[in-house]
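A.B. asks: Starting off with a structure, shown below.
The values are calculated or read from the model by the stated rules, or taken from the named source; none is laboratory data. Keep in mind that what you see is a predicted model, and the values were worked out from it rather than measured. No Cβ is skipped: glycine too gets one built from the backbone with ideal geometry, and neighbour counts run over all protein chains shown.
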Amino acid sequence: MSQINMSQVKELRERTQAGLNDCRSALQEAAGDMEKAVEIILKKGLAKSAKRAGAVATEGVVAARVAADARSGVIVEVNIQTDFAARNEDFLRFVELVVTAAESARAGGDLTAAPNPQGPGTIEDARAALVGRLGENVTIRRWDRIDLDRSGKVHAYVHLGGKVGALLAVGTATPEAAGHEAVSKFIDDTAMQIAAMAPISVGRDDVPAEAKAKQAEIYLGQLAEEGKTPEDKRPKIVEGKVQKWLKEVCLLEQQSVLEPEKTVEQLRAEVAKALGGDFVVLRFARFERGEGIQKPSGPDFADEVARMAGG
């Protein structure tokens, strides 16, 4: 029988959230093969726990799909509790089911109430059944769709196996212009820019006033904490910091990741010139898996080992 060490047990426990004894037994049965041990845990249902159905889901997948005519697209974030379960084929099939349902849903609608496009019942029925099979909570955290009401193109980009995704729409003067090579390159590069640099708006006019006010409050608090700047000088410094922040969070003002000597706005202007007509960035949506969710911390591994040893 293969010798199993505690680092292997720890890794398997982190991947499956199963108990220490179950992890040790699975590794022994798998002769130390980690992937086989993971399969054993899953097959025996040891990763399941009824109380997990109400637990926080922070792992999962961001997925996106664009219609064949490139005039609409959807993006969804579906979460599950562990990275281990996020790779499960049943979970990934459910994500595809959610994306398909989103394609037929109205913007802002409740996807859980949407009909199951591949069977009876609703998406919620399919979600509940999946929770029962996997023993982990599954949530459709958010979704968005973009529909064009003018000439243009919608494009999607998903990076890092579903960790982050972006949906982007641009407008052109004519339907023919939407198929131009320069448009295709711009929209592909810019969707990657959105995924990588996390802008919050297309331009300054789109940044909510409350977001600017909150940022100004943060900078003012930092200056007050440092205590080095006279109080009457702080507003001007804060305004300068806010302006710098706007350049960082507005897509068109960001430096291009692929062409750092240019801004996204300069690249947009070049495409407009190549088209000989109107070319605008209309809207985008960006989802990052688990963004803003407080990830719960499980029992400390060392403490659990000590408890098992009677310490």
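A.B. asks: What number of residues within the stretch 267-311 satisfy the criterion of being modelled with pLDDT under 60 and of a type in the set (S, T, N, Q)?
C.D. replies: So the count comes out to 1.
A.B. asks: Filter the stretch 117-161 down to the residues that are without any contact (Cβ under 8 Å) to a residue 24 or more places away in the chain and among the hydroxyl-bearing types (Ser, Thr, Tyr) and list them by number.
C.D. replies: Selection gives Thr122 alone.
A.B. asks: Then there is this: Taking the options Gly171, Gly132, name whichever one is of a type in the set (Gly, Ala, Ser) and in a helix (DSSP H, G or I).
C.D. replies: Result of the check over Gly171, Gly132: Gly132.
A.B. asks: Would you point out the residue of the stretch 177-218, among those that are touching an Asp or Glu at 6+ places or on another chain (Cβ under 9 Å) and in a helix (DSSP H, G or I), that is surrounded by the most Cβ atoms within 10 Å (Cβ to Cβ)?
C.D. replies: Phe186
A.B. asks: Continuing with the same structure: Which of (1) modelled with pLDDT under 95; (2) closer than 14 Å to Ala126 by Cβ is the odd one out, the single condition Gly54 does not satisfy?
C.D. replies: Exception for Gly54: condition (2).
A.B. asks: To continue, here is another question. Can you pull out the residues in the stretch 83-110 that are under 16 Å from Ser72 (Cβ atoms), touching a helix residue (DSSP H, G or I) at 6+ places or on another chain (Cβ under 8 Å) and part of a helix (DSSP H, G or I)?
C.D. replies: Ala101, Ala102
A.B. asks: Going by the conditions given, is Arg106 surrounded by 19 or more Cβ atoms within 10 Å (Cβ to Cβ) and out of contact with any Asp or Glu (no Cβ under 7 Å at 6 or more places or on another chain)? Outline the logic, then answer.
C.D. replies: On the way: surrounded by 19 or more Cβ atoms within 10 Å (Cβ to Cβ): no; out of contact with any Asp or Glu (no Cβ under 7 Å at 6 or more places or on another chain): yes.
No, not satisfied.
A.B. asks: Just to verify a result, which residue in the stretch 228-254, among those that are part of a loop (DSSP other than H, G, I, E, B) and farther than 29 Å from Met192 by Cα, is modelled with the highest pLDDT?
C.D. replies: Looking at residues that are part of a loop (DSSP other than H, G, I, E, B) and farther than 29 Å from Met192 by Cα, I get Pro230.
A.B. asks: Return yes when Val158 is closer than 16 Å to Phe287 by Cβ and not in a loop (DSSP other than H, G, I, E, B) and no when it is not.
C.D. replies: So Val158 passes the test.
A.B. asks: So which of Glu231, Glu239, Glu248 is surrounded by fewer than 11 Cβ atoms within 10 Å (Cβ to Cβ) and charged (D, E, K, R)?
C.D. replies: One residue alone meets the criteria, Glu231.
A.B. asks: Please specify each residue of the stretch 161-197 satisfying the condition of being within 15 Å of the chain's Cα centre (by Cα) and of a type in the set (D, E, K, R).
C.D. replies: Hit for the stretch 161-197 is Lys163, nothing else.
A.B. asks: Still on this structure, I have one more. What about Leu282, is it in contact with a strand residue (DSSP E or B) (Cβ under 7 Å, 6 or more places away or on another chain), touching a residue at least 60 places away in the same chain (Cβ under 8 Å) and surrounded by fewer than 17 Cβ atoms within 10 Å (Cβ to Cβ)?
C.D. replies: When the stated conditions are applied, Leu282 passes them.
A.B. asks: Looking only at the stretch 255-267, decide whether some residue is over 33 Å from the mean Cα position of the chain (by Cα) and outside any helix (DSSP H, G or I).
C.D. replies: no
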